[in-house]
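*Asks:* The structure's right below; bear with me while I get my questions together.
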Amino acid sequence: MDARTIVLGNFILLALSINPFIRAQESPERWVLAGSNSISWTPDGRLPHKDHIEMSGRYISAVVRYGVSSDGAFTIRRDIVWPMLRTVPNNTHASLVRSFSIDPVSLISVNKKPLQGEKVAEVILDGTIVVKSTINDNLKLVRTLFPATALPLFGEKYLLTNTGARPLTVELPEINIITRTNPEEGVEGSYTLRVRSINHGTSILQPGDSVTWYCSFTGNKNEEDISHIDIEEELRKRKTLVSGFLENLILDTPDDILDRAFAFAKIRAAESIYQTRGGPMHGPGGLSYYAAIWANDQAEYVNPFFPSLGYDYGIESAINSFRHFARFMNPDYRPIPSSIIAEGLDIWNGAGDRGDAAMIAYGAARFAMMLGDREVAEELWPLIQWCLEYNRRMLNPYGVVSSDSDELEGRFPSGTANLCTSSLYYDALISASWLGASMGKDKKQLEEYKAQALELKGNIEKYFGANVMGFETYRYYEGNDTLRAWICIPLTAGIFDRKEGTIDALFSPELWTSDGLASVAGDKTFWDRATLYALRGVFAAGDVERGLKFLQYYSGRRLLGDHVPYPVEAYPEGGQRHLSAESGLYCRIYTEGLFGIRPVGLNSFMITPQLPEKWDYMRIIKMHGFNHLYDINVTRESDMIRLKITSDGRVVLNKLITNGTTQTVKF
């Protein structure tokens, strides 16, 4: 029985085999893998069921709350966000948001009677939402719901087909609902919201005939004209965008669920970029975080991922975010703000210094090397240097970095110096020394970075190394005596001194729950970002078999469970929102964990493949980075593995190696 069969066929046994304290509420077999990089749900007896998914374009985002009621009918509510329609006060949460519960299908008449008797046959997620229904055994309805790629529009397509033996008279009503918001509540006055139908009218459907009807939900400034909309063309553009994500950075393993979860994560990580007056800004989403950037979500989590995907708009958004942070460098080394909001016009710094300079230096150095663009690296180098110097000045008497809080912003204690910030600073020092060397920077300074990193690593061990709840791992801050999820961070930075005790703690009943890592042992709160970092770190540390088992469990739950198809932010806060940067972290489990890719220059990287015991191969196809497009193939040959890397039709590396050993690749 292979891993895919285990996850799909007996989720509860897998959960219990991982950790006897996991009690799965329901099987994740509500959804199944379907064709063309999709997943499918056929409603069964477990009704009613509701879920929500966020979908985004450059000028719009929508959290679609959909479900199937007890009688088999489809239910929907759209919470639509227009990030560039700013409201008053123009703060972090000032994007215009409105909810629409209208179901256009309920307004259709068939043979002079309201359309009734809908039974949902299938729901498909493939970068759009497709809902297939039957109505009274003589009509088939297919809904397709999606955000426009470059318009402030949420589009809906309704295809009705006569499946009966007699003609049907179908009346499709004209919808034209206009709302103008209070001008005193908008930064630019009143905004116009419109729900509008296209292709309305009466049709006689002969048996087998179809008719297509469209609805659009738009929001715009009053002087803008977006009345001439081709929904079919916008749907084509959405599908083309999604195809671009799916046809690059392709994960190919013996586990179809992991491959599919990776494919979906690419969509959510890359779609959530908004074209603001301050340039393209990747936004977390969740009906709260748009037209703004954060030092963790953008600089640390998702920016280092974009070069691998080769998505130009994502790369542009990453460079733009670093430029915004660079605006706040200053000779007095006052903290860079945690977030730049309101399309770049304002800042948020409500949690004080969260270790933001460490996050930025970490992300910028890795991003610059992965991209492999000398000009961009030169632009980012002063920001990296400034952030490193800021952290050096923040070292406490014990030689670890002081900060007011961490990225959880006071939700849980973090003391005056936390493990996460010092680990990120360590990683940034190492990356800067490699990046600077590939750029020909001052050797003396680069040697200082290496020396500082070595000293910091020792100080991390002395200050944070501890026995916590019986595990030889780390205390998160001075005085901390309860296990914390973020003890995984040193593993992702290449600090393996306490890997055995740390991994044991992460996968213990004290921390691991049915939804991944609890933020604090004994607490019900979880943030997926910690689980995603932990899984990446476990693979990097070489604990492949345990890491794979937990990765399979987590991926099956997120992709095929009751809340799909992406990693989530947190619970209970936020209700498991599909914040986008977490999906970037999911992809990095594979690129940086399972394949062990670590950039060491503008045209070079180290790779430490960790092929699981029961796999004969794993591949990444069409991976971008270092100014190249390349494929990575890892195949088993007896008790060794063959690592083959090809680029531009030539073999860059072809070597038989011991599994888990490191090779250096230079283009």
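*Asks:* Starting from the 7 Å offset along Cα-to-Cβ, what nm value, one decimal, do you get for the label separation of residue 202 and residue 40?
*Replies:* Modelled inter-label distance: 3.8 nm.
*Asks:* Measuring with a 1.4 Å probe in the full set of protein chains, what accessible area per residue, in whole Å², belongs to region 143-219?
*Replies:* On a per-residue basis, region 143-219 sits at 41 Å².
*Asks:* Determine the gain in length on full extension of the stretch residue 349-residue 77; use 0.36 nm per residue of separation and subtract their C-alpha separation, reporting nm with one decimal.
*Replies:* This chain segment gains 94.6 nm when fully extended.
*Asks:* To continue, here is another question. Restricting to Cα pairs below 8 Å that are 6+ residues apart, what does the relative contact order work out to for region 418-465? Please round to a whole percent.
*Replies:* Value for region 418-465: 47 percent.
*Asks:* Using Cα pairs under 8 angstrom and six or more residues apart, how large is the relative contact order of region 412-530, in percent?
*Replies:* Relative contact order for region 412-530 comes out at 23 percent.
*Asks:* I've got another one for you. I'd like the GluC sites (Glu not before Pro) in region 184-241 restricted to DSSP loop residues with at most 14 other Cβ atoms within 10 Å, sorted by number.
*Replies:* Sparse-neighbourhood loop GluC sites (Glu not before Pro): 188, 223, 224.
*Asks:* At 7 Å along Cα-to-Cβ for each site, give me the label-to-label distance between residue 179 and residue 50 in nm.
*Replies:* Computed distance between label sites residue 179 and residue 50 equals 1.8 nm.
*Asks:* Moving on. Using a probe radius of 1.4 Å on heavy atoms only, what accessible surface per residue do you get for region 262-356? Whole Å² is fine.
*Replies:* 24 Å²
*Asks:* What helices does the chain hold that run 15 Å or longer along their axis, going by alpha-carbon atoms, with a Kyte-Doolittle average of -1.0 or more, using DSSP H for the helix calls?
*Replies:* 231-246, 256-271, 312-326, 356-371, 374-393, 419-439, 528-540, 544-560
*Asks:* Any idea what the relative contact order of region 145-276 is, in percent, if you count C-alpha pairs under 8 Å spaced at least 6 apart?
*Replies:* 26 percent
*Asks:* Write down the accessible area per residue of region 410-470 in Å², having rolled a 1.4 Å probe over the full set of protein chains.
*Replies:* 42 Å²
*Asks:* To continue, here is another question. Roughly how many whole Å is it from the C-alpha centroid of region 628-667 to that of region 362-408?
*Replies:* 31 Å
*Asks:* Between residue 439 and residue 230, what length in nm is gained on full extension when 0.36 nm per residue of separation is reduced by their alpha carbon distance?
*Replies:* Going from the current span to full extension adds 70.4 nm.
*Asks:* Roughly how many percent of the accessible protein surface of the chain is carbon and sulfur, given a 1.4 Å probe and a whole-percent answer?
*Replies:* 49 percent
*Asks:* Calculated FRET efficiency, residue 330 and residue 635, Cβ-Cβ r, R0 60 Å, to nearest 0.05?
*Replies:* Working from the Cβ atoms, E equals 0.70.
*Asks:* Evaluate the distance, in nm, between pseudo-label points positioned 7 Å from the Cα of residue 571 and of residue 101 along their respective Cα→Cβ axes.
*Replies:* 2.5 nm
*Asks:* Then there's this: Can you give the longest run of the chain that contains no trypsin sites (Lys or Arg not before Pro) sitting in a DSSP loop with at most 15 other Cβ atoms inside 10 Å?
*Replies:* Result for the longest clean stretch: 328-523.
*Asks:* OK, next. Which percent of Cα pairs goes in each bin when the distances of the chain are cut into 20 angstrom slices starting at zero?
*Replies:* 18, 51, 27, 4, 0
*Asks:* Follow-up. Excluding same-chain residues fewer than 8 positions from residue 239, which aspartates and glutamates have a Cα within less than 20 Å of its Cα?
*Replies:* Counting by Cα, and skipping residues close in sequence, residue 239 has these aspartates and glutamates nearby: 54, 122, 126, 156, 230, 247, 259, 271, 312.
The values are calculated or read from the model by the stated rules, or taken from the named source; none is laboratory data. This structure is a prediction, so every number in the text was calculated from the model and none was measured. Cβ sites come from the backbone with ideal geometry, for glycine too, and all protein chains shown count toward neighbours. To get the accessible areas, we keep the full protein, side chains included, count just its heavy atoms, and leave off ligands, DNA and RNA. Shrake-Rupley method; radii C 1.70, N 1.55, O 1.52, S 1.80 Å.
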